[in-house]
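The values are calculated or read from the model by the stated rules, or taken from the named source; none is laboratory data. Given the structure is predicted, the values throughout are model-derived calculations rather than measurements. Counting neighbours? That spans all protein chains shown, and the Cβs are built from the backbone with ideal geometry, glycine included. These area figures cover heavy atoms from the full protein model, side chains too; ligands, DNA and RNA do not enter into them. Shrake-Rupley method; radii C 1.70, N 1.55, O 1.52, S 1.80 Å.
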Amino acid sequence: MKYKNLIINDPKELMFGIAPNPVKTKRGLVIGGGQVYAELNFTLPVMSINNSTLNQVYTHYREIAEGALEHALHMNSKGIVLEFETLLEMTKTPSIGVEIVKIMNEVCENYYQKHGLSSEIRLTPNDLREFERPARQRSSQHLEPMMELFEQGMIAGGDLLSIESTGGKEVSDEALMMCDVKGMVFALAVLGVRDMHFLWEKIVALANKHGKIAAGDSACGFANTAMVLAEKKYIPKVFATIVRVISVVRSIVAMEEGAIGPDKDCGYEGPFLKAITGIPISMEGKTAACAHLSPLGNIASACADLWSNESVQNIKLLSGMAPTAYLEQLEYDARLMNAALNAGKVHAHILQQLLVASDVYTDPQALILSPENVIRISNQLIKGDSYVANAKNGALAALDIIEEALLSGKMKLPELETGYLPILRDDLNTIPENESEFIAMMLPLLDESKFTLAEYGL
Amino acid sequence: MEDLLVKLLEAVEFGKVDKKSPYPPQLRDMDGAHELTISAIEAGIKPQIILEEALIPAMSKVGKKFAECKIFVPQMLMSARAMGASMFQLKPFFASGAIKTKGTFIIGTVKGDLHDIGKNLVSMMVEGGGWSIVDLGVDVGSDKFVEALKNNPGAVIGLSALLTTTMVNMGEIVSTIREHAPETKILIGGAPVTAEFCQHIGADFYAPDPQKAVEYMNKLAS
């Protein structure tokens, strides 16, 4: 484990738009260098992708990019990131994904040359290995098209490289539904960590080869699944909160392998990554309600360097096409944060305090994202000698914070939720900090037909 | 005898699988669904009565509590496990025809989609409602649904999808099923699915949550 000290120790330094290690892009964005940019994400409307619809698909992406950049220009934007998160068919047949990157890059370059508007493409191939069960994380034939899309896509103009990798998901899906915190630690801190090392070593090598930016991963398939299940009242929010914290030890491996940010928008573990590693991060909140609901609308922006909408279909709204409309919303949010930054530290801090105060005690998932709590938990996430120990210590710190907020009366949760707090604590306390001991403890409890240890190097 | 059924109902409702199971705390060291079902059979209670007066009402209560947000999924899953322990003892009676279910429910996540959390919840609740389940798993194309339907004539079909890009595959599956067995009842569900989409592709029912699926199925059986 690479990180033994926090890069940001003071909560006041964990600020939107400012990262200790900003990332400069080829068209001049300095992410984390003193201002917040919009990161627009989008997808197709409901349609099939096949040979007969490919031209329509390409047209959609061209229109999305042109619509967004034209409006960004009109709004005097200082720059934007377009995230192209591929759909299954676009990764299975990398030439489709690559063609879309080319199309969007042409649009970006055109606006840069003609108008000086800086924009970059974040290329996020979907993890095809998710489509095999039991998962073959290392030997899957799906790895080849994924890596081909990464390489050819970056040559075609994808500058920031990300993925929502899925190592450990075959264990976490069931653990989530059973509120099995030990299962989640095994999925994320044992399996997930190993898969992240395997995958990000390759991604970073490709990025370095082509002079591109290895940006970061997101535990979306784990922690956001938990958040959405909690939103539906399928599982307790307090459990989803703990899962978020545990996910940090898995996502930070991208940085250990050489990723430099901006971390991916749907990774709400981003603030912890920023505190520990100093990288800039992308976040999403109220402006991502088009994709999923969340209890983190304002607080999520407290230390964001890119501000995203997660995803919106290219459909017509009263104002125009949905991606253009969302670009406008993101730009206004970014403008407000940038106005505060330009006015000085005091103003930026006041805005951040308001963003935090408006959410922090409404939900435990918001509670852990206040800058003070991010720093407190992050200290616990790096103090151990194993990823398992760090996951356990971070989760226990989050439980302490939730219980303190309840005791003080600042946060209220129904008994149905609070009843899980002692169960989670007891479960966490049974986890040995030594990884080998933990694996030995877990293997008899897990259905080994659902995962293959060798695919994780075990 | 009635006492046994009441205890079994309670064991399933609160997820007490067997005597050694520590969950739920209030039933610690008491017999669970496993032991109570054996006792009920030994006491001469007809298996059909065990199913209809203990297991189905227990799962119905669980479904209602879940729909009213009074319990979370883990509690529901523990109830399903307790019911499973009981059903294991009743298995021979299903095979001999001594117990009749309400019918068969064939369920799967549609082609291109590997998400199964929603599918599993629906499957579990429908089984708890007294139906036999044929779970085809994930990434299931129309051919597998048709084949399963041939093996289980008159079965109800359930299609699940999480992605906007895979929900479109529901339409093709519905059309193919209709070609082979036009009278088949088909219900669909999943995050991006709507009642309008259900109507558009010619399915019979859109289930926004597992409990609504059970209610629809029970109407079909009544």
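What to note about this one:
- 10 Å Cβ neighbours from other chains, averaged over peptide A:39-48: 2
- With all protein chains in place and ligands, DNA and RNA left out, the 1.4 Å accessible area ranks A:ASP159, B:ASP3 as B:ASP3, A:ASP159, largest first.
- Distance (nanometres) between label positions extended 7 Å along Cα→Cβ at A:LYS2 and A:ASN208: 1.0 nm
- In this simple spin-label approximation, A:HIS292 and A:LYS412 carry label points 7 Å from Cα along the Cα→Cβ vector, and these lie 2.8 nm apart.
- Simple rule: put +1 on each Lys or Arg Cβ and -1 on each Asp or Glu Cβ in the range A:58-148, find the dipole, and look at A:ALA65, A:PRO94, A:GLN137; the Cα lying farthest toward the positive end is A:GLN137.
- Net length gained if the chain between A:LEU354 and A:GLU63 were fully extended (0.36 nm per residue, minus Cα distance): 101.1 nm
- Per-residue SASA entry for B:MET170, accessible area with 1.4 Å probe, Å² rounded to 10: 0 Å²
- Rolling a 1.4 Å probe over the heavy atoms of the protein chains gives the range B:104-221 an accessible area of 40 Å² per residue.
- For A:GLU433 and B:GLU172, the FRET efficiency from 1/(1 + (r/R0)^6), where r spans their Cβ atoms and R0 equals 56 Å, is about 0.60.
- Ordering B:THR109, B:HIS200, B:LEU162 by Cα displacement along the dipole of the range B:104-221 toward the positive end leaves B:HIS200 in first place; charges were set at the Cβ atoms of Lys, Arg (+1) and Asp, Glu (-1).
- Ranked by solvent-accessible area (1.4 Å probe, protein heavy atoms only, all chains present), the residues B:GLU10, A:GLU256 order from largest to smallest as B:GLU10, A:GLU256.
- Debye, to nearest 20: dipole size of the range A:148-199, +1 on Lys, Arg Cβ, -1 on Asp, Glu Cβ: 220 debye
- Added length on full extension, which subtracts the Cα-Cα distance from 0.36 nm per residue, B:PHE94 to B:ALA67: 6.8 nm
- Between A:GLU70 and A:LEU458, the distance separating the two model label sites (each 7 Å from Cα on the Cα→Cβ line) works out to 5.3 nm.
- Cα-Cα separations in chain A greater than 41 Å, expressed as whole percent: 12 percent
- Accessible area per residue, Å², the range B:1-46 with all protein chains present, probe 1.4 Å: 57 Å²
- Net charge dipole size for the protein assembly as shown [Lys, Arg +1 and Asp, Glu -1 on Cβ; Debye, nearest 20]: 380 debye
- Cα-Cα separations in the range A:399-458 greater than 20 Å, expressed as whole percent: 49 percent
- Additional length obtainable on full extension of the chain from A:MET178 to A:GLU201, 0.36 nm per residue less Cα span: 5.0 nm
- Of the DSSP H helices in chain B, those whose Cα atoms cover at least 30 Å axially and whose Kyte score averages 0.5 or more: B:73-96
- Among A:29-38, A:423-432, sorting by the average number of other beta carbon atoms lying within 10 angstrom of each residue, highest first, gives A:29-38, A:423-432.
- Cα-based Rg / Dmax (Å) for chain B: 18.1, 54
- With every protein chain in place, the range A:158-210: carbon and sulfur % of accessible area (1.4 Å): 47 percent
- Partner shielding of B:60-70 amounts to 1, given as the average count of beta-carbon atoms from other chains within 10 Å of each residue beta-carbon.
- For the range A:32-45, putting each phi into the Karplus relation 6.51 cos²θ - 1.76 cosθ + 1.60 with θ = phi - 60° gives couplings of x, x, x, 8, 9, 10, 7, 10, 9, 10, 7, 8, 6, x Hz, in residue order, rounded to whole numbers and with x for Gly and Pro.
- Legend: residue pairs A:LYS450/B:LYS102; A:LYS182/B:LYS20; A:LYS182/A:LYS274; A:LYS182/B:LYS91; A:LYS4/A:LYS412; A:LYS383/B:LYS20, Cα-Cα distance threshold 28 Å; pairs beyond threshold, A:LYS450/B:LYS102; A:LYS182/B:LYS91; A:LYS4/A:LYS412; A:LYS383/B:LYS20.
- Per-residue mean of foreign Cβ neighbours for A:231-241 is 3 (Cβ atoms of other chains, 10 Å radius).
- DSSP H segments from chain A that extend 24 Å or more along their own axis, Cα-based, with Kyte-Doolittle mean of -1.0 or above: A:54-74, A:94-115, A:193-210, A:322-343, A:387-407
- Taking the DSSP beta bridges with both ends in the range A:11-456, the antiparallel portion is around 15 percent.
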